[in-house]
Amino acid sequence: MLDQVVFKSVVELFNKEIQLATRVEILKQKTALCYDFDSKTIYGAIDDCAVGFIDSQSLKRFFAKFKLYPTDGVILAMIRRLDLDADSRLNKREFIDGILPQESYSKGSIASLKENKIKKPFTHTASYAVAQIDNKTKLKKYDQLIAKRDEKI
């Protein structure tokens, strides 16, 4: 049995993770609602050498343009959160899937997330975790959406 102090610390840690995930999802939704949001353009701006992936060096160059200088550890942590195939770099699908909201983005859903953040923080995170477990299905759906969009262009 865990010591009560340890148990409470772990619960607090998970609660902070839930709050962070909720804030990130809200930011993703707000960003996706911007009229000029284009994930391919954003990807291209970070993959500035057009090598077909984003690695720590391309992220460093991107951040430097905005006078941001995160540590190597922070950059590696960012890549690891989005890197589905564990190759320490992000292909276009991994990157775009990582910056798009997990839930349908609308002003109503943003309000709902804010409400859940305050009243029921576990509700949103549970759906977020389920979405992360089913990455293959998400990627397949994403590929279908991109293919449909590309057909229209």
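The values are calculated or read from the model by the stated rules, or taken from the named source; none is laboratory data. Given the structure is predicted, the values throughout are model-derived calculations rather than measurements. Note: ideal-geometry Cβ built from the backbone for every residue, glycine included; neighbour counts use all protein chains shown.
Miscellaneous remarks
Conditions tested, residue by residue: (1) surrounded by 10 or more Cβ atoms within 10 Å (Cβ to Cβ); (2) outside any loop (DSSP other than H, G, I, E, B); (3) modelled with pLDDT under 95; (4) under 17 Å from the mean Cα position of the chain (by Cα).
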position	(1), (2), (3), (4)
Q57	yes, yes, no, no
R61	yes, yes, no, no
L76	yes, yes, no, yes
I79	yes, yes, no, yes
A86	no, no, yes, yes
Q102	yes, no, yes, yes
Y105	yes, no, yes, yes
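- Hits in the stretch 28-44 - residues which are among the hydroxyl-bearing types (S, T, Y) and within 20 Å of I79 (Cα to Cα): T31, S39, T41, Y43
- Every residue from the stretch 34-52 that is assigned to a loop (DSSP other than H, G, I, E, B) and either free of Cβ contacts under 8 Å to residues at least 24 places away in the same chain or in contact with a strand residue (DSSP E or B) (Cβ under 6 Å, 6 or more places away or on another chain) (or both): C34, Y35, D36, F37, D38, D47, D48, C49, A50, V51
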